[in-house]
Every structure is written in structure tokens, then in C-alpha cells.
């Protein structure tokens, strides 16, 4: 029994059942037991994404729950995207963080990113931990939905 193929078949079946009213196709890639699902739906992408990606986040939560129940003994990670919306958003946040790093290096002043969810803050923290940003320190500040990432020079910390 090939768990990877079984998992992909079940994931595809669950998605197709729930999304049968939508047009398009589903692409699934796997990397280090993380499954990346991209729903290609040019006609219905706005409905699936929702306001600021809220519907997409809800769909991802539902599918993570369904997969966990189907495979309770496996540690499987799942990311759900629609027409690469999430990927494009993550890329633009990384670019903004890099611009903020440049400003911090030029001015010596702490730069503040806009408020964002935990997974986006983590994405920025992890990106700025790489070698080329060894002079940069990041920190999440604020409460709840107002939490932001600050970017500053380590020697100014």
C-alpha cells in the first residue's frame, strides 16, 4: 500500500466533492511530507479566495481537519492555495520585508511591518534568519490581530 498515492487520491476526492460546483483543476505537489494543493479555477478564484484570503484560510482549515481524521497516525502538513494567490501574497510580503531591511540598514531606525497573521510573521522571521541578514533582528510586537514584525539592526537592538 502506497500511503502517498492513497493520500493524494483521498485529498483529490475530498476536494472534488466539495468543489464540484466550481470549474478548474487541482494540482498537488509534495515536499518533505508537506502537501501543496493549488486549485486552478480562473472563473471561481475570487469566490474561493474570499476577502483578504479568508475563505481560502477557512477551506484550508477544513481540509486539514478532514485529512487529520483520515490519517490520525501520520504527521502530514497541508497548504491550500487558489491560482497561486497565497504564494504571490507571501512573495510580496518577503519583498516588503527586504525593502524594510534596506531602510533599516540605511537609517539605523527600526522598521515596522503591517499587522499580519502568525504564519505570515513566521515566514518573515524565517526569511530574515538567513546568512545575508545576519545583521538584522526581528521581533513580533503587539496583541491579537494587531501583531506586527519589527525589523532592526542587531547592534541597535
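Coordinate-derived values only; no laboratory data. Computed from a prediction, not measured in an experiment: that's the story for all the values here. Cβ atoms come from the backbone with ideal geometry, glycine included; neighbour counts cover every protein chain shown.
So, R0 is 22 Å and r is the distance between the beta-carbons of residue 62 and residue 140; what FRET efficiency does that work out to, to 0.05?
For residue 62 and residue 140, the calculated efficiency is 0.25.
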Helix 54-70 axis, angle to the chain major axis (alpha carbon atoms, nearest 10°): 60 degrees
Highest-MSF residue in the chain out of 131, 139, 13 [GNM, Cα springs under 10 Å]: 131
Rounded to 10°, Cα long-axis angle of helix 118-127 versus longest principal axis of the chain: 60 degrees
Label of the coordinate-derived value, Rg and Dmax of the Cα atoms in Å, listed as (1) 15.6, 53; (2) 20.8, 66; (3) 18.6, 59: (3)
FRET efficiency for residue 55 and residue 75, using Cβ-Cβ distance with R0 set to 30 Å, rounded to 0.05: 0.70
The range 3-83 - share of DSSP beta bridges that are antiparallel (%, nearest 5): 55 percent
Against the rule of thumb 2.2 N^0.38 Å, how large the Cα Rg of the range 61-106 comes out: 1.79
Between 0 and 90°, nearest 10: helix 85-107 axis offset from the chain longest Cα axis: 10 degrees
Debye log10 I(q)/I(0) at q = 0.19, 0.26, 0.27 Å⁻¹ for the range 88-156, Cα point scatterers: -0.67, -1.22, -1.30
Extension gain, residue 147 back to residue 84 (0.36 nm per residue minus Cα-Cα distance, nm): 20.2 nm
Rg/Rh (Cα only; Kirkwood hydrodynamic radius) as it applies to the range 3-83: 0.95
Förster-model FRET efficiency, 35 Å R0, residue 125 and residue 28, C-beta, rounded to 0.05: 0.80
